[in-house]
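Heads up: the structure comes next, in structure tokens.
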Amino acid sequence: MNLLELFRRRGSAPVARERLQVLLAYERRSRSQPDLVSILREEIMAVIAKHVQIDQDYLKVSMDRGQTMSTLEIDIQIPNKSAAPLAMAG
Amino acid sequence: MGKVVVVTSGKGGVGKTTSTAALGAAVAKTGKKVALVDFDVGLRNLDLIMGAERRVVFDLVNVIQGSAKLSQALIRDKRVETLFLLPASQTRDKDALTEEGVGEVIERLRSVFDYVFCDSPAGIERGAQLAMRFADEAVIVTNPEVSSVRDSDRIIGLLDARTMKAEQGEQIAKHVLVTRYDAGRAARGEMLNIDDVLEILSTPLLGIIPESQDVLRASNLGSPVTLSEPLNSAARAYIDAAKRLEGEDLPVVVPFERKGFLDRLLGRRAA
């Protein structure tokens, strides 16, 4: 057991290298798509604003990146007119 | 027209300022006119490393704001007469540097000096981006350590996106300078080795600076290591890196600290 640990400790550089390679591959990819989420957020907000006036906080856009597939989650809350009249919102 | 070289890293404490001083002094010693510009507004240190901290009267911000002439703010080195320092200001005002102002100062320096070294602050914020903005070349200082390599990768991304050259569709020449390298530990697999770092960053190597007590001693004394102890291993590595920066085709050898038999036996570091 002790011997095994000694080996493992010796080999920390390869682990560092692998972790970096995986991480940087991911970070480079997300860097090349300049903040997709905030662009989507802005455009969705503009489309909604044509019809209903909602506060920025009522729109949630998030992206979950997976290995083979990513999911885009859009959560829009539209307050009832009685609760937030058009003129008051925003 | 001189060349503008930004010395950058993303991560702090990896040796940007030390490397700026050492490389700049090495180039200046060959007779080239060299200006070292400290961009770390609020946390200047290049003056201290150069041993010029008591000679600072005006600084970069004064020049940009027009309260001092460039010639008044430049401090001539006492050891190498072609070496000059433009210190950063100690102001806490983050917006003291304007892109326009920096651009003007850099252009004027470029017309007088052969090399302008811009010592970047750590981080990827405004100060770091202004330091790299007008550069022709970049030296990315990297320690063989995960966080430093990751930050270097980030900085490389910024160099390719946010510099004037990149925006004009040109390539900024990038070089990795690996500092604090311990060949023994790398050979034992305890530290990322040079090939790992270069493969991950896929950027050419400017040099390898060994971990060395001499670098700290040089800082303590306020002298670039390439001037105070030009024969020691770190200084020689910097001098070679400076030659490569000037276009000389020198093979990179992995340096190591010479150790006595007893040091080796006891696993002690050479002092």
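The values are calculated or read from the model by the stated rules, or taken from the named source; none is laboratory data. Since the structure is predicted, the reported quantities are computational estimates derived from the model, not experimental observations. Neighbour counts are summed over all protein chains in view; Cβ atoms, including those assigned to glycine, are modelled from backbone coordinates with ideal geometry.
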Practice prompt. Go through (1) under 26 Å from B:Val197 (Cβ atoms); (2) modelled with pLDDT of 80 or more; (3) not β-branched (Val, Ile, Thr) and name the single condition A:Phe7 misses.
Written response: (2)
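Yes/no matrix, rows are residues, columns are (1) farther than 21 Å from B:Val102 by Cβ; (2) out of contact with any Lys or Arg (no Cβ under 8 Å at 6 or more places or on another chain); (3) within 14 Å of chain A (Cβ to nearest Cβ):
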| position | (1), (2), (3) |
| --- | --- |
| B:Asp151 | yes, no, yes |
| B:Arg180 | yes, yes, no |
| B:Ala187 | yes, yes, yes |
| B:Glu190 | yes, no, yes |
Worksheet entry | Lone qualifier among B:Glu167, B:Glu199 - being surrounded by fewer than 16 Cβ atoms within 10 Å (Cβ to Cβ) and within 14 Å of chain A (Cβ to nearest Cβ) | B:Glu199
Response to the item:
Of B:Val146, B:Val141, the only residue that is away from chain A (no Cβ under 14 Å) and aliphatic (A, V, I, L, M) is B:Val141
Worksheet item: Only one of B:Asp249, B:Asp263, B:Asp214, B:Asp240 is at pLDDT 95 or above and of a type in the set (Asp, Glu); which?
Response: B:Asp240
